[in-house]
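Notes for the one structure printed next.
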Amino acid sequence: MTQTQFTPRVFSGIKPSGGLTLGNYLGAIKRFVGMQGQMECVYCVVDLHAITVWQDPRELANMTREVAAGYLAAGLDPTQSILFNQSQVSAHAELGWIFNCVARVGWMNRMTQFKDKAGANAEKQSLGLYAYPSLMAADILLYHATHVPVGDDQKQHVELTRDIAAKFNHDFGVDFFPLTTPVIEGPAMRIMNLRDGTKKMSKSGDSDMERINMTDDADKIAKKFKKAKTDPEPLPDTLDGLKDRPEARNLIDIYAALNDATAEATIAEYAGAGWGKFKPALADLAVAKLAPIADEMARLMADPAEIDRILGAGSEKAREIADPILRQTYDIVGMLRS
């Protein structure tokens, strides 16, 4: 069978639960903005994924707007990219059910993120939390997305998406869904906790000092970096010297990502420096890069009707791509439509 040539298209999304952190910005949003103009970009606030665990309805709507504001404040241009929230395009849920019937239980049992989130209470979790990787596959394949920018912790989900696409194509004797490529590149793809470099920076951590929120003002940003946990040793000459120094490596990676540089170039610049020199430099850089985004997010959140308008317009553009692909999927599966 001849391989179909799919239009190069990017898809990715962020879940509106908790609040946006520096990890969301460096690991996702900054990269999304950078891909504008390279190929067609479809970006989503995945509110259907958010409700796999309980969400207060009023807070969910507010957080959906906040994530959209984060995209826009960071430079996402809704005239260049498609920006919408998932629940406004019902085809996501419809294709998600088709893929529930394609994916195998054994595949879901291997998903490490469910095990991490469910812990010892797996039997009490929602079916949605267990099955959400197949909805994620639907999110991607609904747009025939060829590329998905992800952190390394999400690579397994893109691999599952490829498995679902391959099985669907094989089962129905078609070459309909692309085998999506995960895009994992650049420094600081996994931003760690400022108080414990072995843990990922989280929206739901115990202390606000362990994370940089995208709504933090300049004073908070500076204070958090200056108080970030480090060790007594100066910075080494090479990255190899940071092998067993997770907090130090995390701060180097954050500086590199904010400065559009490599970790190697950063360690070379600050080789031998103590934290009294490096942390103030990092704080100044972070304030220069992040404080304007926080200010713009605040401005956008003061006008929720405008955010809703942008998401509504984006959902119309998304449906123009998604609906024909869903209809073709139904035809392939054999669903009767009068």
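Every number here is computed from the coordinates shown, using simple stated rules; none is lab data. Predicted, not measured: the structure shown is a model, and the values here were computed from it. For neighbour counting, all protein chains shown are included, and Cβ atoms are generated from backbone atoms with ideal geometry for every residue, glycine included.
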Item to complete: Calculate the length of the line joining the C-alpha centroid of the stretch 227-257 to that of the stretch 302-338, in whole Å.
Response: 45 Å
Worksheet item: What is the ratio of the Cα radius of gyration of the chain to 2.2 N^0.38 Å, where N is its residue count, to two decimals?
Response: 1.04
Worksheet item: From the square roots a ≥ b ≥ c of the eigenvalues of the alpha-carbon gyration tensor of the stretch 32-177, which class results: rounded (a/c under 1.5), prolate (a/b over b/c), or oblate?
Response: oblate
Discussion item. What's the magnitude of the charge dipole for the chain around its Cα centre, counting Lys and Arg as +1 and Asp and Glu as -1 at the beta-carbon? Answer in Debye, nearest 20.
Written reply: 520 debye
Worksheet, complete the sentence: If amide H atoms are modeled at 1.01 Å from N in the peptide plane, then the residues at a separation of 5 or more from Gly13, or on another chain, having amide H under 5 Å from its own are Cys44
Item to complete: Would you kindly calculate the translational diffusion coefficient of the stretch 208-299, applying Stokes-Einstein with the Kirkwood radius from alpha carbon pairs, for 20 °C and a viscosity of 1.002 mPa s, and quote it in µm² s⁻¹ without decimals?
Response: 158 µm²/s
Worksheet item: Ranking Ile212, Ile14 by Cβ neighbours within 10 Å, fewest first, what do you get?
Response: Ile14, Ile212
Response to the item:
Fewest to most Cβ atoms within 10 Å: Trp54, Trp97, Trp275 sort as Trp54, Trp97, Trp275
Worksheet item: Using alpha-carbon pairs under 8 Å, 6+ residues apart, how would you state the relative contact order of the chain in percent?
Response: 23 percent
Discussion item. Which one, Pro16, Leu141, Met297, projects farthest toward the positive side of the charge dipole computed for the chain from Cβ point charges (K/R +1, D/E -1)?
Written reply: Pro16
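Among Asp56, Asp77, what is the fewest-to-most ranking by other Cβ atoms within 10 Å?
Asp56, Asp77
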Practice prompt. Rounded to the nearest 10 degrees, what's the angle between the helix 304-333 long axis and the longest principal axis of the chain, both from Cα atoms, 0 to 90?
Written response: 40 degrees
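Using unit Cβ charges (K, R positive; D, E negative) and no other charged atoms, how large, in debye to the nearest 20, is the dipole of the stretch 208-299 about its Cα centre?
Here the stretch 208-299 has a charge dipole of around 300 debye.
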Discussion item. Between Asp56 and Asp284, what is 0.36 nm times their sequence separation minus the Cα-Cα distance? Round to one decimal in nm.
Written reply: 78.4 nm
